[in-house]
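Here's the structure, in structure tokens; my notes come after.
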Amino acid sequence: MDSTPKREPMTGRRNPGPFARLRKAALARPRLAGTFSLLALLAVATVTIDLRFGIPFPIPAETTPRHSMVVAAHPLATKAGLAILREGGGAVDAAIAAALVLNLVEPQASGIGGGGFLVHYAKETGRVETYDGRETAPESVGENLFLDADGKPLAFYRAAVGGRSVGVPGLLRLFELAHREHGKLPWGRLFEPAIALAEEGFPISERLSRLIASATLLDAFAPTKSYFLNADGSPKAAGQRLKNPAFAETLRALAEGGAGAFYEGEIAKAIAEAVTTAAHNPSLLTTADIAAYRARKREPVCRPYRRARVCTIGPPSSGGVTLLQALGILEAFDVGAHAPGSLEAVHLVAEASRLAFADRDRYLADPDFVPQPVNALLDPAYLAERAGQISLAKSLGTAKPGLITGWLPPRNEKTGTLPESLSTTHLSVVDQAGNAVALTASIEAPFGSRLMVKGFLLNNELTDFDFLPRQGPRLLANRVEAGKRPRSSMTPVVVFDENGRLQLALGSPGGPYIIGFVLKTLVAVLDWGMDIQTAIALPNFTNRNGKTELESGTAVAGLAPALERLGHAVEVRELTSGLHGIERRGRMLAGGADPRREGVALGD
């Protein structure tokens, strides 16, 4: 497609040389066979990257097996997924097994007490299917759920901790639906790695120990307190062995009884009792709410970008549409003509993201409650008009949403919500047959509601609704309603090359920052020709129609003064992504694991 800018280009010159050399060096690195032991892999799987390339930390070495690969946020989860593939399991099987282990070893981020979105690509048919396991609000709640007695929004943690914020978990129904349609191994087999690990225990990682130590209110509820804290109240430390027999018992019940054992019976009763009797913020969630939950298949949203085609999840996640809008706006500019991490590149990506977020904040919500103008938002003429608003010499400042004729009133994003950041997880799988899964799962804020039931944490996802139900006289699209799914930013993605072959499976945690993390990575691969690992490790920068946020301690942080001269409000801060992706190169696969976390890529 024509990528010629519609305005005069900036003065910056394309300078891909260092990155081209980096990519060549990465390709020349020794390949790591999937049969290496985990300890051997961890011993050799980092290389130091020159600071001139803007990547200030070691990044994992790529693995390039010929047949299959799993990339997840913890080595033990990656190993579990790979073991399932070696037994003949498919991509969905491996994703489920890995996700269950993540529930155990990365409990603050995701699990069966939360929800997620899954994108599946079937090589034989060429079909992309998307699965929605987002949580739902209880039938008893109303639009004032997160307002105090004076009608003002509650402070975030006043709302998030305890029963009030807990939505009906959706992850297991998602797994059930995807496994029924694409699973190859028996359902019960997928639970065995997590059961064994829960019984035998695992050493607390450095990252988990830091999160336990920094988390607030882990002592608010007895089961959570006793699991994460020592008898004297001190946080459990890295290296301590953590066993979870209650979770093992839960997983056995699910392995034998299917997802129904979660949504009906003793587990559902325990969830309802925990949230309704919580000493802090009790809820009205009932066993009937839990039993009524259904995962949904949604139509994928796909759009070409350059010579590739990007497919992802649609509403109730805003991530896919917002990502595709930003990419569609960037098509008006020759982003590849500007060096990665340059002022010109960061400005263009930030402005495109700004415009896309303005539309996200007005239009996107649960499609079962609010009609979604997805086709209009992704229309090429509409995106060209949005791109025409970008000046190469000056920032837009706060962008206004575009006009979609006949649609609903605007919504107000500043309503008391707080984006999840250290929570959520993403994993990517490609199996021996070439099928792919991109799965993003979450319990929202780190450690969710702080309520722990039968060995797993419950989410606080209802805080992803707007706390205020209206702006002036007009109702907001993402207000709380009974049975409704809160808007998400999760953005699992699969990408196809110009010949229709799978090129990438990708995603990240990070709340609304997810969209920017995935956008940066796709631009790095598709515009700058980076390999997946280098693209993931590239410094993060994003704009959510406010400040342009730059990752601290990286080369892009040095752009702050120049961006401010262009009119950007700038904030330099931690931007901890958890990008995990797989790239196909010819007949081989390459994995990318985010060096900001502790995941690895493994394959055969």
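The values are calculated or read from the model by the stated rules, or taken from the named source; none is laboratory data. Please read these numbers as outputs of a predicted model, since none were measured by experiment. For neighbour counting, all protein chains shown are included, and Cβ atoms are generated from backbone atoms with ideal geometry for every residue, glycine included. We work out accessible area using only protein heavy atoms, side chains counted, and drop any ligands, DNA or RNA first. Shrake-Rupley method; radii C 1.70, N 1.55, O 1.52, S 1.80 Å.
When restricted to residues that are within 17 Å of Ala253 (Cβ to Cβ), in a helix (DSSP H, G or I) and open to solvent by less than 20 Å² (accessible area, probe 1.4 Å), the stretch 165-184 contains 3. Only a single item in (1) part of a loop (DSSP other than H, G, I, E, B); (2) at pLDDT 95 or above is not met by Leu462, and it is number (1). Among the residues of the stretch 502-524, just one is over 16 Å from the mean Cα position of the chain (by Cα), in a helix (DSSP H, G or I) and surrounded by fewer than 24 Cβ atoms within 10 Å (Cβ to Cβ), namely Ala524.
Going by the conditions given, is Gly162 small (Gly, Ala, Ser), open to solvent by 20 Å² or more (accessible area, probe 1.4 Å) and over 17 Å from the mean Cα position of the chain (by Cα)? Criteria not met by Gly162.
Among all residues of the stretch 241-264, there is none that is more than 22 Å from Pro75 (Cβ to Cβ), at pLDDT below 95 and within 26 Å of the chain's Cα centre (by Cα).
Comparison of Gly553, Gly586, Gly591, Gly516 shows that the only residue that is more than 19 Å from Ala326 (Cβ to Cβ), among the small types (Gly, Ala, Ser) and touching a strand residue (DSSP E or B) at 6+ places or on another chain (Cβ under 6 Å) is Gly591.
When restricted to residues that are small (Gly, Ala, Ser), more than 23 Å from Leu355 (Cα to Cα) and crowded, with 19+ Cβ neighbours inside 10 Å, the stretch 547-604 contains 10.
Taking first residues from the stretch 319-345 that are more than 21 Å from His568 (Cα to Cα) and partners that are among the aromatic types (Phe, Trp, Tyr), the Cβ contacts under 7 Å between residues at least 6 apart in sequence or on separate chains come to Glu331/Tyr305; Gly336/Trp528.
With respect to Thr534, is the statement that it is in a helix (DSSP H, G or I), of a type in the set (Val, Ile, Thr), open to solvent by less than 20 Å² (accessible area, probe 1.4 Å) and touching a helix residue (DSSP H, G or I) at 6+ places or on another chain (Cβ under 7 Å) true? So Thr534 passes the test. Residues of the stretch 440-454 that are buried (at least 23 other Cβ atoms within 10 Å of the Cβ) and assigned to a loop (DSSP other than H, G, I, E, B): Ile443, Glu444, Ala445, Phe447, Gly448, Ser449, Arg450, Leu451. Going through the stretch 288-336 one residue at a time, which ones are closer than 30 Å to Ala482 by Cα, among the basic types (Lys, Arg) and either open to solvent by less than 20 Å² (accessible area, probe 1.4 Å) or in a loop (DSSP other than H, G, I, E, B) (or both)? Answer for the stretch 288-336, where residues must be closer than 30 Å to Ala482 by Cα, among the basic types (Lys, Arg) and either open to solvent by less than 20 Å² (accessible area, probe 1.4 Å) or in a loop (DSSP other than H, G, I, E, B) (or both): just Arg294.
Scan the stretch 398-407 for residues that are closer than 10 Å to Arg354 by Cβ and surrounded by 12 or more Cβ atoms within 10 Å (Cβ to Cβ) and the total you get is 1. For the stretch 487-501, filtered to residues that are surrounded by fewer than 24 Cβ atoms within 10 Å (Cβ to Cβ) and in a loop (DSSP other than H, G, I, E, B), the residue that is farthest from the chain's Cα centre (by Cα) is Asn499. Please determine, by comparing only the residues of the stretch 221-242 that are of a type in the set (D, E, K, R) and either open to solvent by less than 50 Å² (accessible area, probe 1.4 Å) or in contact (Cβ under 8 Å) with a residue 12 or more places away in the chain (or both), which one is nearest to Leu208 (Cα to Cα). Among residues in the stretch 221-242 that are of a type in the set (D, E, K, R) and either open to solvent by less than 50 Å² (accessible area, probe 1.4 Å) or in contact (Cβ under 8 Å) with a residue 12 or more places away in the chain (or both), the one nearest to Leu208 (Cα to Cα) is Lys236.
Pairs linking a residue in the stretch 563-574 that is on the phi > 0 side of the Ramachandran plot to a residue that is surrounded by 13 or more Cβ atoms within 10 Å (Cβ to Cβ) and of a type in the set (D, E, K, R), with Cβ atoms under 8 Å and 6 or more positions apart or on different chains, are Gly567/Lys394. Residue count for the stretch 77-100 satisfying the condition of being at negative phi and either touching an Asp or Glu at 6+ places or on another chain (Cβ under 7 Å) or surrounded by fewer than 24 Cβ atoms within 10 Å (Cβ to Cβ) (or both): 9. Looking only at residues of the stretch 243-259 that are outside any loop (DSSP other than H, G, I, E, B) and open to solvent by less than 30 Å² (accessible area, probe 1.4 Å), we find that the one that is nearest to Gln108 (Cα to Cα) is Phe247. Taking Gly529 as the residue in question, decide whether it is open to solvent by 10 Å² or more (accessible area, probe 1.4 Å) and either more than 21 Å from Asn435 (Cα to Cα) or among the hydrophobic types (A, V, I, L, M, F, W, C) (or both). Yes. In the stretch 465-481, of all residues being among the charged types (D, E, K, R) and outside any loop (DSSP other than H, G, I, E, B), the one that is farthest from the chain's Cα centre (by Cα) corresponds to Arg474. Regarding the stretch 185-203, can at least one residue be identified that is surrounded by fewer than 19 Cβ atoms within 10 Å (Cβ to Cβ), under 24 Å from Ser423 (Cα atoms) and among the aromatic types (Phe, Trp, Tyr)? Yes - at least one qualifying residue is present in the stretch 185-203.
When residues in the stretch 377-390 are screened for being out of contact with any helix residue (DSSP H, G or I) (no Cβ under 7 Å at 6 or more places or on another chain) and open to solvent by less than 40 Å² (accessible area, probe 1.4 Å), 1 of them pass.
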